Structure formats: C-alpha cells, structure tokens
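S.K.: Below are the structure tokens for one structure; questions will follow.
The values are calculated or read from the model by the stated rules, or taken from the named source; none is laboratory data. Keep in mind that what you see is a predicted model, and the values were worked out from it rather than measured. Cβ coordinates were reconstructed from backbone atoms using ideal geometry, including for glycine residues, and neighbour counts include every protein chain displayed. With ligands, DNA and RNA removed, areas are computed over all heavy atoms of the protein, side chains included. Shrake-Rupley method; radii C 1.70, N 1.55, O 1.52, S 1.80 Å.
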Amino acid sequence: MKQYFTAAVHGMCGGVFAALKVLDEVIARHQEVYVFRELVHNKAVTADLTARGVHFVDDIALIPAGAAIVIGAHGVAAETENILRAKASFCRDATCPLVKKLHRIAAGLTPQEQLIICGKSGHPEVSGIAGNSGTPDIFIVPDTAAVADLPEMTQPVFISQTTVDHNEVLAVKDVLLRRYPHLREFSGVCDASRRRQEAVIALASHCDLVLVIGSGHSSNAKRLCEIAQRQGAAAYLIDHAGEIPLAALDQAEKVGVTSGASTPEHLFDGVTAALREHGFICGDAVSGTPNT
C-alpha cells in the first residue's frame, strides 16, 4: 500500500504572512508599488504579485523617485534602507521582526568587538545583518570547518541567520566557544525554522522519499531538504506538483511532504492531490498533528 504523510509543521511562517499583509496594504493605497529585491523567496509568490502589477527590482536606480517602496522580509543594510526611504514618497519595511531584532543587536556592537555570523555569504539576510553592524570586523562562517580560518579575537559576538540548520548552529557555537570561551552569543534561528526542521526529521525517519515544496533560492526550504537527506531519505526540493520526480515516486512506498516557510498552501495541496492521483493514500502516523 502506497502512503503519503505530511509534516506536522510546514508552510508559511508568521513573518511571511506579515510581509504579505504589509504589501497588500501598500497595494491598496498606491497605484504602483516597487519591492526592493523579493518580498519572500518563493517563485510562485513573486509571479503572483508581479501579475498584480508589483515591480521587483534589485537595483535602486531602477526605482523612480517618489515611488511607493516596500522592503522585503529579509531586510537590508542600514545605508540601503536610508537611500530607499529618501527616494520614496512612501516606504514600508516588511522585514521579519526577528531579522530586525538581529539588526538591532548588530547595530549595538562597538568598533572594538568582532561580529561572527553563522550563515551563507551573499544571502540578503546575512548582508542586511552585516550592513547594520556597529563594528567593521565581520566574519561569516557557513559551518564548523570555517571556524578554523578565523583570526584571534578579543571581543567576539556570535549571531546566526534565522533560516540555517538549528543543529548546525549549535555545532558552530560549540566550536566557537572552545576557541573563544569569552564569546557573547545570540542565537538567530527562528522558532518557525526550528519547528519545521524538527518536523522534517520525524517525517524523514518514517518515509523513504520526502518532497520539500519550495524554491531553490529559499534558504529554509533547502535546509529542510538537506536535513531529510541526512536522515537517510531520498529528498527532492520542488516548486510545485509538476516537478515531482516520477521515477523516484514509482519506487517509493512511503512519501513525506513538507514545505518551506515561504511556500503557499495551495502548492502543498497540489502536491498531495497529485500523490492521490498516483495511487497514494494519506497515512496517519505523521500527518495526524495539525499544522501550526
């Protein structure tokens, strides 16, 4: 009997819902709206908003003076925010509240301190945290191996990107504390990311194939896929039902389904509907707990 199971916790988080609400409010008030970079990292969300007339731009020069501007959920550097606000006739900040908290922590550092960020170099959230830092001494470490390349530090402070692997952050922090016993640390992994990661561990331990619905440039969705793979399940990151790997599906008896924190629920529903069309029935071992 072929069955599918859904993760107890999956889908859009509170920060994403809040960002979408902010943008909806701005759209209701202004004829043309510009979003600097993406609002959230999901292709379907961006395509839907583009169809509604929203302009997404990566270059501030492409935003006309006097435009209505929304800053995306991943946040921006302080200098970038100042430029956007100076250019806009109206500007709303849709940065996730937890990311904004990390901005404030970074901004409170002194030039004598050193900031260590656990995350991916070049990710908008990491760039935003670094761009709000009160110290110019900033080091980005993606994993424990990168700690060996760090110099000696007198006043190190540790912050993590909100969407990285919670267990990886704990491992990095442990290595850092052994090298810098006087380390000050502020864990940045959000509760929503942690709970989705815990849920996919349970899902992957129960299934031989896991489908993670989310876009390839979504950090939190990619982490879910990587975590499922580390649990020994075959795992695929897909944007929608049309990308389900049919060859792998034919070989699977138990399929797990989860989705990233930026993924709309209708995409999740589309994947479970496709599984039913392929003869899978909904199991009850992992899917019994309602999504939160």
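S.K.: When only C-alpha pairs under 8 Å and at least 6 residues apart count, what is the relative contact order of region 16-67, in percent?
M.R.: Normalised by residue count, the contact order of region 16-67 is 38 percent.
S.K.: Under 1.5 on a/c is rounded, so check that first for the chain, then, if it is not, pick prolate when a/b is larger than b/c and oblate when it is not; a ≥ b ≥ c are the square roots of the alpha carbon gyration tensor eigenvalues.
M.R.: Oblate, because a/c is 1.5 or more while a/b does not exceed b/c.
S.K.: Another question, if that's okay. Would you kindly derive the ³J(HN,Hα) couplings of region 97-113 from the backbone phi angles with the Karplus curve 6.51 cos²θ - 1.76 cosθ + 1.60 (θ = phi - 60°), listing them in order in whole Hz, with x for Gly and Pro?
M.R.: 3J(HN,Hα) across region 97-113, in whole Hz: x, 5, 5, 4, 5, 5, 4, 5, 4, 4, 5, x, 6, 8, x, 7, 8.
S.K.: For Leu115, what charge total do you get from the other residues with a beta carbon under 12 Å from its beta carbon, if Lys and Arg give +1 and Asp and Glu give -1?
M.R.: Counting the neighbours of Leu115, the net charge comes to -2.
S.K.: May I ask you to give the percent of accessible area on region 1-144 that is carbon plus sulfur, with a probe radius of 1.4 Å?
M.R.: Carbon-and-sulfur percentage of accessible area, whole number: 54.
S.K.: What length, rounded to one decimal in nm, is gained on full extension from Lys21 through to Thr144, with 0.36 nm per residue of separation minus their alpha-carbon distance?
M.R.: Full-extension gain reported as 40.5 nm.
S.K.: Please tell me the relative contact order of region 1-160 in percent, rounded to the nearest whole number, where contacts are Cα pairs under 8 Å and at least six residues apart.
M.R.: 19 percent
S.K.: Then there's this: In Å², what does the accessible area per residue of region 203-277 work out to with a 1.4 Å probe?
M.R.: For region 203-277, the per-residue accessible area is 38 Å².
S.K.: Now a separate question. Of Ala247, Ala44, Ala235, which is the most mobile in a GNM of the chain whose springs link Cα atoms less than 10 angstrom apart?
M.R.: Ala247
S.K.: Tell me which GluC sites (Glu not before Pro) from region 4-112 have a DSSP coil assignment and no more than 13 other beta carbons within 10 Å of their own.
M.R.: Taking region 4-112 and a limit of 13 other Cβ atoms within 10 Å, the loop GluC sites (Glu not before Pro) found are Glu32.
S.K.: How much of the accessible area of region 168-230, probe 1.4 Å, is carbon plus sulfur, in whole percent?
M.R.: 52 percent
S.K.: Oh, and also: Between Ser187 and Asp58, take the C-beta separation as r, use R0 = 35 Å, and let me know the FRET efficiency to the nearest 0.05.
M.R.: 0.70
S.K.: Sort Ser219, Ser205 by heavy-atom solvent-accessible area, probe 1.4 angstrom, most to least.
M.R.: The most accessible residue leads, giving Ser205, Ser219.
S.K.: Which whole-number value in Å² is the accessible area per residue of region 1-116, probe 1.4 Å?
M.R.: 45 Å²
S.K.: With each run of n ≥ 4 DSSP H residues scored as -39500 (n - 2.57), what mean residue ellipticity at 222 nm is computed for the chain after dividing by its residue count and rounding to the nearest 500 deg cm²/dmol?
M.R.: Calculated at 222 nm, the ellipticity per residue is -12000 deg cm²/dmol.
S.K.: Moving to a separate point now. Cross-link list Lys173/Lys222; Lys43/Lys100; Lys21/Lys173; Lys43/Lys101; Lys101/Lys222; Lys21/Lys87: which exceed 32 angstrom alpha carbon to alpha carbon?
M.R.: Check vs 32 Å cut-off fails for Lys21/Lys173.
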